[in-house]
């Protein structure tokens, strides 16, 4: 449709035009043909995540059927041990890393902008980059089957089984490299979602008026940002041990296999809640629609979700009750583990209270919600049982745990997800899925699921351990396994029928029209399928249920609804960006048009990781350099910061604000959060080894004191420089802020040099603690190198006139980064100094 | 003495935590029963709430959330915590008064067992014999990857971690044979890493230890040739047989191998046939085991070796 607002045709302040001559619709058009893959909009990226994630779900499901088929009778020879171990390892790995998180992330990427009143995510290219990393990581991992080197050490990769000595093949390398790559994707997506939720909402949508789904996703994203780093660090250390011989986990040189378990479960336990939360958010979104009343106890649910986020980081050790922890630790972790029942209970009872608000409609998604309540409550109760230590020592690593985790994950995630597919399919395709087939899908899945997994509780209590390819006849496991296997086939039939229904509905499903379920949230504002731009004009929001409470949104044709940013000033994609708390518009965010940069940036990394696997280190380095180059190109684009534009509703807003509330600053803070978590994981490793293996800590050569003091001084200076630079950047002293960028780069380099000097006498090969010290300093060095690159980049932009005079957003962001880097360098230097002062050889 | 005829192979419930024969397992079963009943009751109540909420449009009540989500779980969890900690202290405590120590070391994929390490230090493998009604300190180690020592009928599991020494106390309350199995995934033949715990009356146990201290029984006849084959084929490089070849520790101690109820770490019935099959075909029976298949032994040699090993009790 044509742009009607005459204001948007007038040039203001000489801003560049995006694609002049194109209408609003054309500007938001998805590219076609091969160029479709250059699309970075959230609709394209979200769908890619969902489809790819579902493919991995199907593959992992087939692997599960192989497992069940192998166990159908005792002593089966259908699969040999090696294949079986590969199959169950890949089943767990694919489900946890390549299905659950990415597909939920995909739903979030797809839904969040529509629900919050944005035309796109605020960093679309970051999402696209995340997708490509995920895809390439998944391909690297899956390619291990082609080389007959599929990992077979379990999805938990416990060392020393995964060390060179006991897994000389490339299996663990495929796992560690592929998964780390895919995790970068999850972290990138998480940071992007944090920024999108905090910075791009409809005018007036304060945090307390956000749809509940956005709260769930916000906490989900924060948990990924903090929860994935321990495993990323753990994996990098393990890979370094395999490639370079650094003895992080090698007991013979003062390492500890349990350090891996701590790092793994520091990630692994929050991971379970990371998977549960978005799915519970889906339930909390769908349920009110079918009841026809708002979610009961919104505030309680928000509080519960936030506290769940915190609690989930305090109970990882309940996966390690049998490792010989002291009784005091056992008791504390046991208590902490049971505590998570409280926020879960609050959510469940809030859902139940919502059900009581009005007569619910028994649709297909509602079936899945009821199935979720049934299965998940059971899984939660067995979870409480497992938190009891004496019981856990019997049930741990038995089929009881297999039953429990599938109750929690399938009940807590897969059932809501299938409900969500039925619920949101009209958004994707404009058509409704079948109510009849949907009921069949539900009942097949529900029956099959319970038959398979309810019995496993008993199988486990009868002593059957997990991860065994065969079991002896006659000790009480035969019939139970047979029935479980039959159940799994029924479950699989349900999934298969779902696939059939999904393919069928795209062609023959009835057209959905506008808001087919009578929902309350903004994603249903437009007739389906949704337009690519989501909103012609972004409406002001006054209620948590805008489609129910704001008649002006539903009493007219969607494109006539009043709102901000009708049309396109400067022929570019843009959306409104808000104050993170109040939701009041503070700036207009310019959004990227289709571009290949995310693809090539991820491709460079894929080459780097792939070559690492093949031991072609020079190619690996080249891939990495290529990637950095693409990132620089990506970031180079001329800035529109400082241009003022009317928002169409009487306000004049700046484009790309330089402020702490700006989305670019929020994303830097999000990035710092991830970096802090990575750094903290390394510090944890160091303190752990120092404490747990004191003999080897004594043997470790101490770092030099003087350079550490110098490093601390340089880091302090960097913090001061950052503070000053931030102030100057805001006061628009452009020359000075350029100089500060240079100074920051210099101080970062100085800090690293001093730290490097300090640890020269320490050998990374002699003791595990020495290796961790080197890893920590290397981490700070890499971050410093990034600061140097960033400083030079900013200087170059200032000198070439790529930035607007008076707008020092880039310097402001670097200054924030420098302060974070200074804090990490200071912590490193301080701890090393403490270590240096406590005697030693 | 232990009688190999009554091995746990194919015995229903031989590995079931629901049929306890030890103090730890009995205590855990008490908790299990209480929690299962309580959990089932809570499940029914919550589902009843769902049903009622669905049927009657009473409107939501805040006290449901606070009562059902906060107060009720806190009360139940507090009770559970007290009970569970009590049981934990009872199960895990009392390490001081265990008079007997047995050290078990995990290997891919078998168990090295030393009775009274530090004192008598008598080595055996793949069977843990202990006196009924006496607390026994079990010291757990590993020489390669992580394993986990689990006899569900007697007590909960405890991991065996390289570089660490774990300890637990187990008390069998009934005489009998109980199947144990490695519970931590440890590689290719993880499912084939089982063992038997044999609880015998204390005086039988003393007799067993005395018997075990002696050298392997000498034999005459065709089995004597088996002893020569054992030495010629290099078996002694890995396996010790007291009085014949001592010191090797890479493989299980074979001094009383014929006296064990099962072969291959609790997996196959012990008899000359399966011994011969095992020696000729280890890699097929137990993929990834560190012992090569001795398929090149001649038929008579193999039979003699199996016969000799079978006679070591």
Practice item. Go over the candidates A:153, A:130, A:169 one by one and state the one that is more than 30 Å from residue A:257 (Cα to Cα) and assigned by TED's automatic domain parsing to the domain that holds residue A:589. Key: A:130
Practice item. Can you work out which of the residues in the stretch B:79-125 that are over 23 Å from residue B:22 (Cβ atoms), more than 20 Å from the chain's Cα centre (by Cα) and more than 14 Å from every other protein chain (Cβ to nearest Cβ) is surrounded by the most Cβ atoms within 10 Å (Cβ to Cβ)? Key: B:120
Point to revise | Residue match in the stretch B:209-232 (condition: away from chain A (no Cβ under 14 Å), part of a loop (DSSP other than H, G, I, E, B), over 26 Å from residue A:152 (Cβ atoms) and modelled with pLDDT of 95 or more) | key: no
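Which residue, of A:707, A:703, A:761, is touching a helix residue (DSSP H, G or I) at 6+ places or on another chain (Cβ under 9 Å) and part of a loop (DSSP other than H, G, I, E, B)?
Criteria check complete, one pass: A:703.
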Study note, to complete from the structure: Among (1) part of a loop (DSSP other than H, G, I, E, B); (2) surrounded by fewer than 18 Cβ atoms within 10 Å (Cβ to Cβ), residue A:619 falls short only on (1)
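Tell me, please, whether a residue that is out of contact with any strand residue (DSSP E or B) (no Cβ under 7 Å at 6 or more places or on another chain) and within 11 Å of chain A (Cβ to nearest Cβ) can be found in the stretch B:175-186. Step through it out loud before you land on a result.
At the first step, the residues of the stretch B:175-186 found to be out of contact with any strand residue (DSSP E or B) (no Cβ under 7 Å at 6 or more places or on another chain) are B:185.
Next, from what is left, pick out any that are within 11 Å of chain A (Cβ to nearest Cβ): B:185.
Scanning the stretch B:175-186, I find at least one residue that is out of contact with any strand residue (DSSP E or B) (no Cβ under 7 Å at 6 or more places or on another chain) and within 11 Å of chain A (Cβ to nearest Cβ), so the answer is yes.
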Exercise for review: Inspect all residues belonging to the stretch B:249-270 and state whether any of them is closer than 25 Å to residue B:9 by Cα and surrounded by fewer than 18 Cβ atoms within 10 Å (Cβ to Cβ).
Suggested key: yes
Review point. Looking at A:170, A:214, A:202, A:190, which one is in contact with a strand residue (DSSP E or B) (Cβ under 7 Å, 6 or more places away or on another chain) and on the phi < 0 side of the Ramachandran plot?
Key: A:202
Study note, to complete from the structure: Condition set under 30 Å from residue B:153 (Cβ atoms) and at pLDDT 95 or above, scope the stretch B:39-78, selection nearest to the other protein chains (Cβ to nearest Cβ): answer is B:39
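Is it true that residue A:281 is crowded, with 24+ Cβ neighbours inside 10 Å, within 25 Å of residue A:111 (Cβ to Cβ) and within 11 Å of chain B (Cβ to nearest Cβ)? Before the answer, list the steps.
Details: crowded, with 24+ Cβ neighbours inside 10 Å: yes; within 25 Å of residue A:111 (Cβ to Cβ): yes; within 11 Å of chain B (Cβ to nearest Cβ): no.
Criteria not met by residue A:281.
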Check your understanding: Condition test on residue A:602, is it at pLDDT 95 or above, in contact with a helix residue (DSSP H, G or I) (Cβ under 7 Å, 6 or more places away or on another chain), buried (at least 21 other Cβ atoms within 10 Å of the Cβ) and in the same structural domain as residue A:125 (by TED's automatic domain parsing)?
Key -> yes
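State all residues of the stretch A:814-841 that are more than 15 Å from residue A:748 (Cα to Cα) and at pLDDT 90 or above; if no residue qualifies, say none. Spell out how you get there, then give the answer.
Looking only at the stretch A:814-841, we keep the residues that are more than 15 Å from residue A:748 (Cα to Cα), and these are A:830-841.
Within the stretch A:814-841, A:830, A:831, A:832, A:833, A:834, A:835, A:836, A:837 qualify.
So, of the residues in the stretch A:247-272 that are touching a residue at least 60 places away in the same chain (Cβ under 8 Å) and more than 13 Å from chain B (Cβ to nearest Cβ), which turns out to be farthest from the chain's Cα centre (by Cα)? First the steps, then the outcome.
Kept after step one, since they are touching a residue at least 60 places away in the same chain (Cβ under 8 Å), are these residues of the stretch A:247-272: A:247-251, A:253-264, A:266, A:268, A:271-272.
Subset that is more than 13 Å from chain B (Cβ to nearest Cβ): A:263, A:266, A:268, A:271-272.
Values: A:263: 17, A:266: 15, A:268: 13, A:271: 10, A:272: 12 Å.
Ranking the candidates gives A:263 first.
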Review point. Mind checking whether some residue in the stretch A:465-476 is within 20 Å of residue B:11 (Cα to Cα) and more than 14 Å from chain B (Cβ to nearest Cβ)?
Key: no
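Mind telling me which of the residues B:197, B:158 ends up being more than 9 Å from chain A (Cβ to nearest Cβ), in a strand (DSSP E or B) and either surrounded by 18 or more Cβ atoms within 10 Å (Cβ to Cβ) or without any contact (Cβ under 8 Å) to a residue 12 or more places away in the chain (or both)?
On the way: B:158 fails: more than 9 Å from chain A (Cβ to nearest Cβ).
Sole residue among the options that is more than 9 Å from chain A (Cβ to nearest Cβ), in a strand (DSSP E or B) and either surrounded by 18 or more Cβ atoms within 10 Å (Cβ to Cβ) or without any contact (Cβ under 8 Å) to a residue 12 or more places away in the chain (or both): B:197.
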Study note, to complete from the structure: Counting only residues in the stretch B:37-54 that are surrounded by 16 or more Cβ atoms within 10 Å (Cβ to Cβ) and more than 43 Å from the chain's Cα centre (by Cα), the one nearest to residue A:371 (Cα to Cα) is identified as B:50
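Looking at A:468, A:475 in this structure, which one is buried (at least 18 other Cβ atoms within 10 Å of the Cβ) and at pLDDT below 95? Outline the logic, then answer.
Working: A:468 fails: at pLDDT below 95.
Result: A:475 is the single residue among A:468, A:475 that is buried (at least 18 other Cβ atoms within 10 Å of the Cβ) and at pLDDT below 95.
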Check your understanding: So, in the stretch A:794-810, of the ones that are over 28 Å from the mean Cα position of the chain (by Cα) and crowded, with 18+ Cβ neighbours inside 10 Å, which residue ends up nearest to residue A:624 (Cα to Cα)?
Key -> A:794
Check your understanding: With (1) within 20 Å of residue B:265 (Cα to Cα); (2) at pLDDT below 95; (3) not in a helix (DSSP H, G or I) as the list, and residue B:184 as the residue in question, which single condition is left unmet?
Key -> (2)
Review point. How about the stretch A:312-338: which of its residues are surrounded by fewer than 20 Cβ atoms within 10 Å (Cβ to Cβ) and assigned to a helix (DSSP H, G or I)?
Key: A:313, A:314, A:327, A:328, A:329, A:331, A:332, A:335, A:336
Study note, to complete from the structure: When residue B:17 is run through (1) within 18 Å of residue A:389 (Cα to Cα); (2) out of contact with any strand residue (DSSP E or B) (no Cβ under 9 Å at 6 or more places or on another chain); (3) facing chain A (nearest Cβ under 9 Å); (4) modelled with pLDDT of 95 or more, the failure sits at (2)
Exercise for review: Could you list all residues from the stretch A:657-684 that are surrounded by fewer than 21 Cβ atoms within 10 Å (Cβ to Cβ) and outside any helix (DSSP H, G or I)?
Suggested key: A:659, A:660, A:661
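Test residue B:151 against the stated conditions and say whether it is in contact with a strand residue (DSSP E or B) (Cβ under 6 Å, 6 or more places away or on another chain), within 28 Å of residue B:242 (Cβ to Cβ), more than 10 Å from every other protein chain (Cβ to nearest Cβ) and at pLDDT 95 or above. Lay out the reasoning, then the answer.
Numbers: in contact with a strand residue (DSSP E or B) (Cβ under 6 Å, 6 or more places away or on another chain): yes; within 28 Å of residue B:242 (Cβ to Cβ): yes; more than 10 Å from every other protein chain (Cβ to nearest Cβ): no; at pLDDT 95 or above: yes.
The answer is no for residue B:151.
Which is part of a strand (DSSP E or B), in contact with a strand residue (DSSP E or B) (Cβ under 7 Å, 6 or more places away or on another chain) and farther than 30 Å from residue B:290 by Cα, of B:169, B:114, B:139? Steps first, please.
On the way: B:114 fails: farther than 30 Å from residue B:290 by Cα; B:139 fails: farther than 30 Å from residue B:290 by Cα.
It is B:169.
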Practice item. Would you check if residue A:639 is assigned to a strand (DSSP E or B) and in contact (Cβ under 8 Å) with a residue 24 or more places away in the chain? Key: no
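The values are calculated or read from the model by the stated rules, or taken from the named source; none is laboratory data. Please read all numbers here as calculations on a predicted model, not as lab measurements. Glycine also receives a Cβ, built like all others from the backbone with ideal geometry; neighbour counts cover every protein chain displayed.
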